[in-house]
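So the structure is just underneath, and the comments pick up after that.
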Amino acid sequence: MDSRELTILGASLYACEGTKARRDFRTPNGYNYSIELTNSDPNIIRIFSLFLRRIIKADWKRVKGQLFLYPDLNENDLKIVWSKASGIPFTQFQKSIYLKKKISKFKPSPFGTFKLRYPCKSDFLKLQSMINDIWLEFS
């Protein structure tokens with residue numbers, strides 16, 4: 001996959017699945033500009049991680065991972081799956097969140113759900129600019 005294809009794919013994934021800028025009420029007039037993408041498919045996280053590394057040139061020491069899982073899933077096994085998919089070492093995983101109850105109308109993922117978090121305002125704004133450029137190009 002060339003840089004252009006990876007840019008379109010990564011920016012599109014974020015436009016669909018990523019967290020948008022949001023108000024941070026801990027500081028006056030503050031906003032959270034962290035790049036965050038949450039998904040239950042390791043392939044989505046793998047591609048987005050590749051996009052962050054190659055296109056955004058993220059400072060990988062600042063990238064964090066967080067696992068959301070149900071008590072019947074094995075946390076250590078899932079950390080291996082998500083670390084391999086994301087390229088994030090265990091030392092950069094934040095505390096896992098255990099969900100109490102499965103919603104019966106949804107089939108839960110056997111991999112849990114993973115959040116990739118990269119707190120960097122300048123790279124967040126760079127990503128937003130890429131998304132806007134792609135929308136303009138295809139309109």
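Nothing in this text is a laboratory measurement; each read-out follows from the coordinates by a stated rule. Just so you know, these numbers come straight off a predicted model, no measurement behind them. Positions of Cβ are backbone-derived with ideal geometry, glycine not excepted, and every protein chain shown enters the neighbour counts.
Using R₀ = 35 Å, calculate the FRET efficiency as 1/(1 + (r/R₀)^6) where r is the Cβ-Cβ separation of Ser139 and Gln94; round to 0.05.
Working: r = 38 Å, r/R0 = 1.08.
With a Förster radius of 35 Å, E is 0.40.
Between Gly87, Gly30, Gly112, the residue with the greatest mean-square fluctuation in the GNM of the chain (Cα pairs under 10 Å linked by springs) is Gly30.
Provide the net charge surrounding Thr7, with neighbours chosen by a C-beta distance below 10 Å and charges set as Lys +1, Arg +1, Asp -1, Glu -1. Here the charged neighbours net out to -1. Each of Val81, Val63 was scored by other Cβ atoms within 10 Å of its Cβ. Listed from fewest to most, they are Val81, Val63. Between the stretch 1-60 and the stretch 74-131, the alpha-carbon centres lie 12 Å apart.
Can you tell me the dipole magnitude for the chain around its Cα centre, using point charges on the Cβ only (Lys, Arg +1; Asp, Glu -1), in Debye to the nearest 20? Intermediate results must be reported in sequence, preceding the final value.
On the way: 24 positive and 13 negative charges, 113 e Å.
That gives a dipole near 540 debye.
For the Cα atoms of the chain, what angle does the longest principal axis make with the long axis of helix 42-51, in degrees from 0 to 90, nearest 10? Value to nearest ten degrees: 30.
Taking R0 as 35 Å, what FRET efficiency do you get between Leu6 and Glu75 from their Cβ-Cβ distance, rounded to the nearest 0.05?
On the way: r = 31 Å, r/R0 = 0.88.
Calculated transfer efficiency: 0.70.
Estimated purely from DSSP H runs of n ≥ 4, each contributing -39500 (n - 2.57), the mean residue ellipticity at 222 nm for the chain is -12500 deg cm²/dmol once divided by its residues. Exposure proxy for Thr113, Thr19, Thr27: other Cβ atoms within 10 Å of each Cβ, ordered fewest to most, give Thr27, Thr19, Thr113.
In nm, what is the difference between 0.36 nm times the number of residues separating Arg26 and Ser129 and their Cα-Cα distance? It would help to have the intermediate numbers written out before the result.
On the way: separation 103, 0.36 × 103 = 37.08 nm, distance 2.63 nm.
Additional length available on full extension: 34.5 nm.
What percent antiparallel are the DSSP beta bridges of the chain, to the nearest 5?
On the way: 15 of 18 bridges.
Bridges in the chain are about 85 percent antiparallel.
For Asp24, the residues whose modelled amide H falls within less than 5 Å of its own, excluding neighbours fewer than 5 places apart on the same chain, are Gly30, Tyr31, Asn32. The mean sequence distance of close C-alpha pairs (under 8 Å, at least 6 residues apart), as a share of the length of the chain, puts its relative contact order at 32 percent.
Among the listed pairs Lys84/Lys115; Lys20/Lys84; Lys61/Lys100, which have their C-alpha atoms separated by more than 21 angstrom in this model? Table pairs above 21 Å Cα-Cα are Lys20/Lys84; Lys61/Lys100.
Residues Met1, Met130, ranked from the fewest to the most other C-beta atoms within 10 Å, line up as Met1, Met130.
Once the Cα atoms are used to define both axes, helix 3-17 deviates from the longest principal axis of the chain by about 60 degrees.
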